[in-house]
1. Can you work out which of the residues in region 63-74 that are at pLDDT below 90 and open to solvent by 40 Å² or more (accessible area, probe 1.4 Å) is nearest to W30 (Cα to Cα)?
2. Would you point out which residue out of D107, D45, D60 is open to solvent by less than 30 Å² (accessible area, probe 1.4 Å), over 12 Å from the mean Cα position of the chain (by Cα) and not basic (K, R)?
3. Can you tell me which residue is most open to solvent (accessible area, probe 1.4 Å) among those in region 75-94 that are outside any strand (DSSP E or B) and modelled with pLDDT of 90 or more?
4. Collect the residues in region 1-42 that are open to solvent by 60 Å² or more (accessible area, probe 1.4 Å), more than 14 Å from the chain's Cα centre (by Cα), among the charged types (D, E, K, R) and at pLDDT 80 or above, keeping them in residue-number order.
Amino acid sequence: MSKRLTLAEQVAGDARDKTLAQLVRQASAWDRNVVAQAVLIWMRDHDTVTANDLRDLLPDVAGGVLPGVLRGMSHNYLIHTRTYVPSTSPSTKGHPVAVYRKRTDADRTEAA
């Protein structure tokens, strides 16, 4: 059972999502595509993916693109595992990073 968010947490989450969506929209198609391709390649050999897994493998991409693409891919290809790991990026100071896994047919059936 997931924790019910307070109104302040909901507003903060909405603002974060809106900002992330704006960053991804402003990024070039090349940035978005290179990250999406990296996710697809990574998932061939791994069960889960996080921003930590890909950050060092990617060329420089616009800020916010990596988490934005992961979140965007969670609408059809990935599913959030509801778990987090600490970020390994020094600039984030260990902020929680979402863990995703490949969406299965069972997940799609359950969502329908």
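The values are calculated or read from the model by the stated rules, or taken from the named source; none is laboratory data. Nothing here was measured: the structure is a model prediction, and the numbers come from that model. Accessible surface is based on the protein model in full, side chains and every heavy atom, while ligands, DNA and RNA are left aside. Shrake-Rupley method; radii C 1.70, N 1.55, O 1.52, S 1.80 Å.
1. Per the criteria, the residue is G63.
2. Values: D45 fails: open to solvent by less than 30 Å² (accessible area, probe 1.4 Å); D60 fails: open to solvent by less than 30 Å² (accessible area, probe 1.4 Å).
Of D107, D45, D60, the one residue that is open to solvent by less than 30 Å² (accessible area, probe 1.4 Å), over 12 Å from the mean Cα position of the chain (by Cα) and not basic (K, R) is D107.
3. Going residue by residue through region 75-94, those that are outside any strand (DSSP E or B) are 75-77, 87-94.
Those still in the list that are modelled with pLDDT of 90 or more too: 77, 87-88.
On the way: Y77: 55, S87: 15, T88: 94 Å².
Once the filter is applied, the top-ranked residue is T88.
4. Those that are open to solvent by 60 Å² or more (accessible area, probe 1.4 Å), more than 14 Å from the chain's Cα centre (by Cα), among the charged types (D, E, K, R) and at pLDDT 80 or above: none in region 1-42.
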